Amino acid sequence: MVNSNYYMMDFLYVTPTPVQAARAGNAVHALLLYRHRLDRQEILPTLLMGMRPLCSAQYEKIFNTTRIPGVQKDHIRHLGDSRHVAVFHRGRFFRVGTHSRSGLLPPRALEQQFQRILDDPSPACPHEEHLAALTAAPRDLWAQVRRSLKTQAEDALEAVEGAAFFVSLDSEPQGLTREDPAASLDAYAHALLAGRGHDRWFDKSFTLIVFSNGKLGLNVEHSWADCPISGHMWEFTLATECFQLGYSADGHCKGHPDPSLPKPQRLHWDLPEKVHLSISLALRGAKTLSGDIDCHVFPFSHFGKSFIKRCHLSSDSFIQMALQLAHFRDRGQFCLTYESTMTRLFLEGRTETVRSCTKEACSFVNAMEDKGKTDPQCLALLRLAVDKHQALLKAAMSGQGVDRHLFALYIVSQFLHLQSPFLDQVHSEQWQLATSQIPVQQIHLFDVHNHPDYVSSGGGFGPVDDHGYGVSYIFMGDNTITFHISSKKSSTKTDSHRLGQHIEDALLDMASLFQEGKRLKQGCRGLGEDSGYRCGSLPCHSRGSRAPTTSTNF
């Protein structure tokens, strides 16, 4: 939890239906449609630059997968198939079948099953409510407790670990609100990343979270795959449940209930006395970690990818330089910066590190901060920094990065019991700024021109250093960039909202290096004085629905 798992958000400005069970029914059906296409090998490989196919090995473990804790190391358990999902609601666990003899249950039947769970008045058993906090506990503790559960509650444990995925029917509403837009987005991100510490099964490949007002989200376990894989699935899910499956005029899934379906099976845990203390310890640790995370989400809507392209710069490199400028203003110094990039040009490739804090980036930032420098000099230095970043990015993607190589050498040195002060130093270095771009990979699924509000708003992750930041960003259409920032409240050196303000200022200052950007910056500064919240943190106008009439804005 927080240290490895990450989250993904729903549509930002609209919720297709406020009916919790209906949204769950359509989302679960859409996810299983994706699994069906995956099993039939109907999902085409992602192409780099429209030409080179990327390795698709990570897709295999999206579904029917659980991370199993071990005393010395964990392992991934993957099943060939699973015909049920595990559901959590108000401290109780249920097994919900997803198929009948005729095949996959339709959305309306799934909605019916979820509504039965929501209407079930039975209370949680002692300690059952907080059981899932064990998946957020130190792995050795969880591994030891799981051995007891395998003996005392094997059927219930198997129903959860053998499920296609985990579903959490949350009892609270989340998402963007008109009354307090900034705080509501921050709370939404926090709920997806950590929840209450005991209402997500953090070891499942992913947990689908459905809030009481119909808002969705994912909490994703990281070891089985990287974000572009779950992001590809999530794009399909949102587009399918909204534009293809749809909802009736009263907000329910289309179709008719099936009264012949058996009720969802309540899972019963026979928890031995010695497990109770472990659950309490795990819950205490999870609550402490959850309470220490400071999440901040803001859509920057003054300009986006289209403006950056008109400047003839790489959009990702532009943002990375903005983050360098913002972080320097935030902390008054440069720091080791991690940007994740994929190595899926190779078989079973995962990621490599782009070290974005280069000498060229530092020169650009220093020039921007030196009032004696003129704009043309800053612009020239910006282009040099962007070119350097692009070179590092291409090298990392093509297997010429340094960090995975150094890590492999470190592992070998440990295995051979060889001392290497250099490798020890590299391994101990702290990434005070960890960054990642969340790509929109299936643009054809979303009509951003006619339905600009219907696009995924990305997701985020926790900081990798106690005194550092985690920053992810996604280009929403051509004119919006959404940032997800995290840090720890216990640190006296970081503040997620403060960094967010620096990011906005850095973007506008960099845009002003270009003629079009100068006019943009002047207009934004004037608007910011009159707006009720930070200019650019949210659109300064009411976003209207341009899609199904059952949708609710904000």
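The values are calculated or read from the model by the stated rules, or taken from the named source; none is laboratory data. All values reported here derive from a predicted model rather than from experimental measurement. Note that we place each Cβ from the backbone using ideal geometry, even for glycine, and neighbour counts take in every protein chain shown. Side chains are part of the model used for accessible areas, which takes the heavy atoms of the whole protein and leaves out ligands, DNA and RNA. Shrake-Rupley method; radii C 1.70, N 1.55, O 1.52, S 1.80 Å.
Tell me yes or no: at least one residue of the range 223-246 is open to solvent by less than 30 Å² (accessible area, probe 1.4 Å), part of a loop (DSSP other than H, G, I, E, B) and touching a helix residue (DSSP H, G or I) at 6+ places or on another chain (Cβ under 6 Å).
Yes, because at least one residue in the range 223-246 is open to solvent by less than 30 Å² (accessible area, probe 1.4 Å), part of a loop (DSSP other than H, G, I, E, B) and touching a helix residue (DSSP H, G or I) at 6+ places or on another chain (Cβ under 6 Å).
Do we have any residue at all in the range 179-193 that's in the same structural domain as Tyr13 (by the TED database), closer than 12 Å to Asn5 by Cα and surrounded by 23 or more Cβ atoms within 10 Å (Cβ to Cβ)?
The answer is yes; a qualifying residue exists.
Name the single residue, out of those in the range 252-270 being of a type outside the set (D, E, K, R) and not in a loop (DSSP other than H, G, I, E, B), that is least open to solvent (accessible area, probe 1.4 Å).
Result: Cys253.
Looking only at the range 84-105, which residues are part of a loop (DSSP other than H, G, I, E, B) and surrounded by fewer than 17 Cβ atoms within 10 Å (Cβ to Cβ)?
Arg90, Arg101, Ser102
Could you list all residues from the range 489-504 that are part of a helix (DSSP H, G or I), in contact (Cβ under 8 Å) with a residue 60 or more places away in the chain and open to solvent by 10 Å² or more (accessible area, probe 1.4 Å)?
Within the range 489-504, His497, Arg498, His502 meet the criteria.
Condition check ((1) open to solvent by less than 30 Å² (accessible area, probe 1.4 Å); (2) touching an Asp or Glu at 6+ places or on another chain (Cβ under 9 Å); (3) in contact (Cβ under 8 Å) with a residue 12 or more places away in the chain; (4) not polar (S, T, N, Q)) across all residues:
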site: His276; (1), (2), (3), (4): no, no, yes, yes
site: Ile293; (1), (2), (3), (4): yes, no, yes, yes
site: Val297; (1), (2), (3), (4): yes, yes, yes, yes
site: Asp330; (1), (2), (3), (4): yes, yes, yes, yes
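Of the residues Leu393, Leu381, only one is surrounded by 14 or more Cβ atoms within 10 Å (Cβ to Cβ) and free of Cβ contacts under 8 Å to residues at least 24 places away in the same chain; which?
Leu381
Return the pair list, or none, for Cβ contacts closer than 8 Å from residues in the range 20-42 that are in a helix (DSSP H, G or I) and open to solvent by 10 Å² or more (accessible area, probe 1.4 Å) to residues that are modelled with pLDDT under 95 and of a type outside the set (D, E, K, R), at least 6 apart or on different chains.
As it stands, the answer is Arg37/Ile43, since those pairs meet every condition given.
In the same structural domain as Gln390 (by the TED database), modelled with pLDDT of 95 or more and under 24 Å from the mean Cα position of the chain (by Cα): which single residue out of Ala286, Ala326, Ala282 fits that description?
Ala326
Find the residue count for the range 46-66, including only residues that are farther than 27 Å from Ser314 by Cβ, open to solvent by less than 60 Å² (accessible area, probe 1.4 Å), of a type outside the set (Ser, Thr, Tyr) and outside any loop (DSSP other than H, G, I, E, B).
1
Yes or no: the range 117-129 includes at least one residue that is touching a helix residue (DSSP H, G or I) at 6+ places or on another chain (Cβ under 7 Å) and under 30 Å from Thr15 (Cα atoms).
yes
Looking at Arg146, Arg77, Arg108 in this structure, which one is in a helix (DSSP H, G or I), in contact (Cβ under 8 Å) with a residue 12 or more places away in the chain, more than 21 Å from Tyr7 (Cβ to Cβ) and touching an Asp or Glu at 6+ places or on another chain (Cβ under 8 Å)?
The unique qualifying residue is Arg108.
Look through the range 131-156, keep the residues that are closer than 30 Å to Leu261 by Cβ and surrounded by 19 or more Cβ atoms within 10 Å (Cβ to Cβ), and return whichever of them is farthest from the chain's Cα centre (by Cα).
That would be Ala153.
Restricting to the range 84-128, what's the tally of residues that are in contact with a Lys or Arg (Cβ under 6 Å, 6 or more places away or on another chain) and of a type in the set (D, E, K, R)?
Of the residues in the range 84-128, 1 are in contact with a Lys or Arg (Cβ under 6 Å, 6 or more places away or on another chain) and of a type in the set (D, E, K, R).
Please indicate, with yes or no, whether at least one residue in the range 418-425 is within 30 Å of Ser496 (Cα to Cα) and over 25 Å from the mean Cα position of the chain (by Cα).
Yes, the range 418-425 contains at least one residue that is within 30 Å of Ser496 (Cα to Cα) and over 25 Å from the mean Cα position of the chain (by Cα).
Which condition number does Arg404 fail, the rest of (1) open to solvent by 30 Å² or more (accessible area, probe 1.4 Å); (2) in the same structural domain as Ser317 (by the TED database); (3) touching a strand residue (DSSP E or B) at 6+ places or on another chain (Cβ under 6 Å) being met?
Of (1) open to solvent by 30 Å² or more (accessible area, probe 1.4 Å); (2) in the same structural domain as Ser317 (by the TED database); (3) touching a strand residue (DSSP E or B) at 6+ places or on another chain (Cβ under 6 Å), only one is false for Arg404: (2).
One line per residue, one yes/no per condition, for (1) basic (Lys, Arg); (2) part of a helix (DSSP H, G or I); (3) closer than 30 Å to Lys488 by Cβ:
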position: Arg404; (1), (2), (3): yes, yes, yes
position: Phe407; (1), (2), (3): no, yes, yes
position: Ile411; (1), (2), (3): no, yes, yes
position: Gln414; (1), (2), (3): no, yes, yes
position: Leu418; (1), (2), (3): no, no, no
position: Val426; (1), (2), (3): no, yes, yes
position: Val440; (1), (2), (3): no, no, yes
position: Val448; (1), (2), (3): no, no, no
position: His451; (1), (2), (3): no, no, no
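Can you tell me which condition Gly25 does not meet? The list is (1) in contact with a helix residue (DSSP H, G or I) (Cβ under 6 Å, 6 or more places away or on another chain); (2) small (Gly, Ala, Ser); (3) modelled with pLDDT under 95, and all the others hold.
(3)
Identify, from the list Ala286, Ala361, Ala282, the residue that is open to solvent by less than 50 Å² (accessible area, probe 1.4 Å), small (Gly, Ala, Ser), in contact (Cβ under 8 Å) with a residue 24 or more places away in the chain and more than 26 Å from Leu193 (Cβ to Cβ).
Step by step, each of Ala286, Ala361, Ala282 is checked, and only Ala361 is open to solvent by less than 50 Å² (accessible area, probe 1.4 Å), small (Gly, Ala, Ser), in contact (Cβ under 8 Å) with a residue 24 or more places away in the chain and more than 26 Å from Leu193 (Cβ to Cβ).
Scan the range 111-130 residue by residue and report those that are assigned to a helix (DSSP H, G or I) and open to solvent by less than 60 Å² (accessible area, probe 1.4 Å).
Glu111, Gln112, Gln113, Phe114, Ile117, Leu118
So Glu429 fits all but one of (1) of a type in the set (D, E, K, R); (2) open to solvent by 60 Å² or more (accessible area, probe 1.4 Å); (3) more than 19 Å from Arg355 (Cα to Cα); what number is the exception?
(3)
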